[in-house]
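Asks: Would you mind keeping the following structure in view while I ask a few things?
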Amino acid sequence: MSNSVRPLRIVLASSEAVPFSKTGGLADVVGALAKSLDQLGHDVTLIVPDYFLMRQSAKGLPTISETGLRFTIPMNGRSVAGTVNWTQLPGTGVRVLLVRQSDYFDRRQLYQEHGHGYVDNCERFCFFSRAVLEISRQMILRPDVIHCNDWQTGIIPALLNSQYANRPGFENTSTVMTLHNMAYQGRFWHFDLPLTGMDWRYFNHHQMEAWGDLNLLKTGIAFADQITTVSPTYAEEICHPEGGYGLEGLLRYRNRDLVGILNGIDTDVWNPGTDPHLASHFTAETVAVGKPRCKSQLQQRMKLPQQSGTPLIGMVSRMADQKGFDLVMGSADRLLSKDIQMVFLGTGDPICEGQLRDLALRYPTKVAVEIGFDESLAHQIEGGADAFLMPSRFEPCGLNQMYSLRYGTVPIVRKVGGLADSVINYPSDTKSPEVGAKSLETATGFSFSDYTNEAFAGTVERALQCYSQKSIWQKLVQNGMTSDWSWTRSAESYVDVYRAAQGRRSARVAERRC
Ligand code: ADP
């Protein structure tokens with residue numbers, strides 16, 4: 001164990017985790033972090049809701065068994081019962097506890113259907129958060145740290161500072177709150193406060209209230225011992241109004257306890273050398289042979305002409321305002337006047353889905369769109385595309401650009417958040433050949449700053465010019481494929497944060513005693 005004094009008992013609480021449930025990067029991050037912490041020698045328990053109906057149709061899950069544990073949570077005047085199933089994260093010693101409550105979690109989706117959040121989301125995830133503590137207590141997990149993720153687990157640090165502060169089993173428990181996306185804060189009307197189990201005296205603008213609402217993410221930020229977010233640049237951005245979504249003041253106040261740790265990727269799952277979804281496996285040495293085969297597979301699957309020399313640009317994304325689809329649509333005609341193909345996979349905003357479908361109808365030999373969530377196709381796009389688009393308005397970390405780098409798919413990104421921290425721009429339009437050559441030694445992709453159609457389309461055109469210069473493109477591909485995005489480095493940084501959280505908690509307890 002590298003940065004160790006003794007192994008830590010870590011409880012990771014999340015509303016989704018691969019391979020059990022996933023709507024986005026949070027699930028990838030939590031699953032991979034749990035695995036890496038286990039590899040570092042720590043004792044890891046992952047607690048997630050049991051989306052029973054959804055997992056019935058999921059493939060490749062480990063066997064899940066009942067623990068026999070039953071618990072009840074007082075939810076606003078009534079007692080709600082839950083049970084706990086368990087399994088192990090495949091190939092690891094990570095204990096996974098799945099919180100079963102059929103009224104709350106046996107649904108078709110995790111958070112929303114047809115663009116509308118479930119009306120009882122506050123109740124569902126307050127129940128889940130309170131279950132995390134109740135299960136930890138009853139199973140005598142005695143965590144050194146509970147690592148909370150996003151608003152769905154935001155009340156855990158608050159409960160540990162109030163009604164659970166002196167409960168046996170939590171004597172040494174500190175909390176870390178990770179902010180995966182400030183745009184999602186879990187804001188609910190104030191009459192939901194009793195669902196949290198917290199007293200009304202905490203409903204003030206320093207702790208649980210924001211602009212008149214109950215705010216679960218704010219609650220986590222206010223009470224956690226340490227706060228992390230998913231890239232160093234995003235850690236700065238969220239302390240300003242554009243990135244903080246109203247919580248920038250509190251984040252500035254807690255700045256000393258806020259750390260940006262760039263996510264890693266699961267290099268077993270995202271490995272072009274072994275990826276079961278690809279027609280051909282490849283490494284940095286064999287990409288020149290393997291990628292064309294994957295490209296052909298992708299063109300075939302998406303019913304695009306088999307043109308090996310035409311640059312194929314991919315995009316896999318939630319269709320949300322954040323992701324920059326308006327730039328794509330605003331530049332589409334200009335870009336599609338050139339010899340290119342584009343492939344989109346995503347689901348979300350119905351307007352955006354419709355616009356992309358229309359684009360595919362207008363350019364049937366150049367654009368292919370798949371609306372839906374398709375893990376296998378996501379891998380095939382990473383494997384088969386030449387370049388990958390992430391023109392995000394904001395991007396806390398982003399994972400697809402790192403998958404792209406590993407798969408020899410050159411990322412074209414907006415220089416924000418984690419995209420700024422992981423993609424090194426190739427300034428191909430520089431006037432000086434020396435500057436160009438020097439940049440090429442380290443460059444891995446293309447980036448732009450202004451959120452305008454002109455900046456976006458100009459950058460894609462810059463990339464297309466480089467695509468036609470094989471030696472430059474190959475160098476970008478090699479630079480990306482040989483960079484290291486594994487979790488080990490990030491997991492060690494989390495362990496440092498856990499230890500800092502323990503220190504902060506001890507200081508807080510000592511203060512209370514004085
Ligand atoms: P975010 O968490 O904001 O959605 P990230 O880039 O951090 O964005 O992570 C997105 C993850 O979800 C990636 O693993 C990506 O491949 C996956 N993903 C997003 N949309 C789809 C989809 N429609 N089908 C399959 N995978 C998807």
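The values are calculated or read from the model by the stated rules, or taken from the named source; none is laboratory data. Since this is a predicted model, take the numbers as computed values, not measurements. Neighbour counts are summed over all protein chains in view; Cβ atoms, including those assigned to glycine, are modelled from backbone coordinates with ideal geometry. What goes into the accessible areas is simple: the full protein's heavy atoms, side chains included, and nothing from ligands, DNA or RNA. Shrake-Rupley method; radii C 1.70, N 1.55, O 1.52, S 1.80 Å.
Asks: With an 8 Å cut-off on Cα pairs and a minimum separation of 6 or more residues, tell me the relative contact order of the chain in percent.
Replies: Reported relative contact order: 13 percent.
Asks: Further question: On a 0 to 90 degree scale, rounded to 10, what angle separates helix 470-481 from the longest Cα axis of the chain?
Replies: 10
Asks: What number, in percent, do you get for the relative contact order of the range 38-185 if the mean sequence gap of Cα pairs under 8 Å and at least 6 apart is divided by its residue count?
Replies: Contact order relative to length: 20 percent.
Asks: Shifting gears a bit: Over all alpha-carbon pairs of the range 159-307, lay out the pair-distance distribution in 5 Å bins, whole %, shortest bin first.
Replies: Percent of Cα pairs in each bin: 2, 8, 13, 13, 12, 9, 8, 7, 8, 8, 7, 4, 1, 0.
Asks: Once amide H atoms are placed 1.01 Å from N in the peptide plane, what residues at a sequence separation of 5 or more from residue 314, or on another chain, have their amide H within under 5 Å of its amide H?
Replies: 343, 386, 387, 388, 389
Asks: Now a separate question. Based on DSSP, what percent of beta bridges with both residues in the range 189-344 are antiparallel, to the nearest 5?
Replies: Antiparallel bridges make up about 20 percent of those DSSP assigns within the range 189-344.
Asks: Okay, helix-only estimate at 222 nm for the chain: each DSSP H run of n ≥ 4 adds -39500 (n - 2.57), divide by all residues, round to 500 deg cm²/dmol; what do you get?
Replies: -11500 deg cm²/dmol
Asks: Would you tally the net charge around residue 83, using a Cβ to Cβ cut-off of less than 14 Å, leaving residue 83 out, and scoring K and R as +1, D and E as -1?
Replies: In short, -3.
Asks: Further question: So what is the accessible area of the chain per residue, in Å², with the probe set to 1.4 Å?
Replies: 41
Asks: Please name which of 277, 97, 435 has its Cα lying farthest along the dipole of the chain towards the positive end, using unit charges on Cβ (Lys, Arg +1; Asp, Glu -1) and the Cα centre as origin.
Replies: The one lying farthest along the dipole's positive direction is 97.
Asks: At a 10 angstrom cut-off on C-beta neighbours, averaged per residue, how do the peptides 22-32, 305-315 rank from highest to lowest?
Replies: 22-32, 305-315
Asks: Given axes a ≥ b ≥ c from the Cα gyration tensor, I'd like to know whether the range 91-203 is rounded (a/c under 1.5), prolate (a/b larger than b/c) or oblate.
Replies: oblate
Asks: Dividing the convex hull volume of the Cα atoms of the range 287-481 by its residue count, what figure in Å³ per residue is obtained?
Replies: Given the Cα convex hull of the range 287-481, per-residue volume reads 104 Å³.
Asks: Another question, if that's okay. For the chain, what is Rg from Cα atoms divided by 2.2 N^0.38 Å, rounded to two decimals?
Replies: Compactness ratio reported: 0.99.
Asks: Here's another thing I want to ask about it. Roughly how many debye, to the nearest 20, is the charge dipole of the chain about its Cα centre, given +1 on each Lys and Arg Cβ, -1 on each Asp and Glu Cβ, and no other charges?
Replies: In total the dipole reaches around 640 debye.
Asks: Give a residue-ordered list of calculated ³J(HN,Hα) values for the range 392-400 (Karplus: 6.51 cos²θ - 1.76 cosθ + 1.60, θ = phi - 60°; whole Hz; x for Gly, Pro).
Replies: Ordered by residue, 3J(HN,Hα) equals 5, 5, 9, 8, x, 9, x, 10, 4 Hz.
Asks: Can you tell me the order of 151-158, 287-294 when each peptide is scored by its average per-residue count of other Cβ atoms within 10 angstrom, highest first?
Replies: 151-158, 287-294
Asks: Now, a different point. Restricting to Cα pairs below 8 Å that are 6+ residues apart, what does the relative contact order work out to for the range 228-325? Please round to a whole percent.
Replies: 16
Asks: So, in Å, what gap is there between the alpha-carbon centers of the range 72-98 and the range 145-198?
Replies: Taking the Cα centre of the range 145-198 as reference, the centre of the range 72-98 is 16 Å away.
Asks: Next question. So for each of 136-144, 501-509, 96-104 I average, over its residues, the number of other beta carbons within 10 Å; can you give me the resulting order with the highest mean first?
Replies: Ranking the peptides 136-144, 501-509, 96-104 by packing returns 96-104, 136-144, 501-509.
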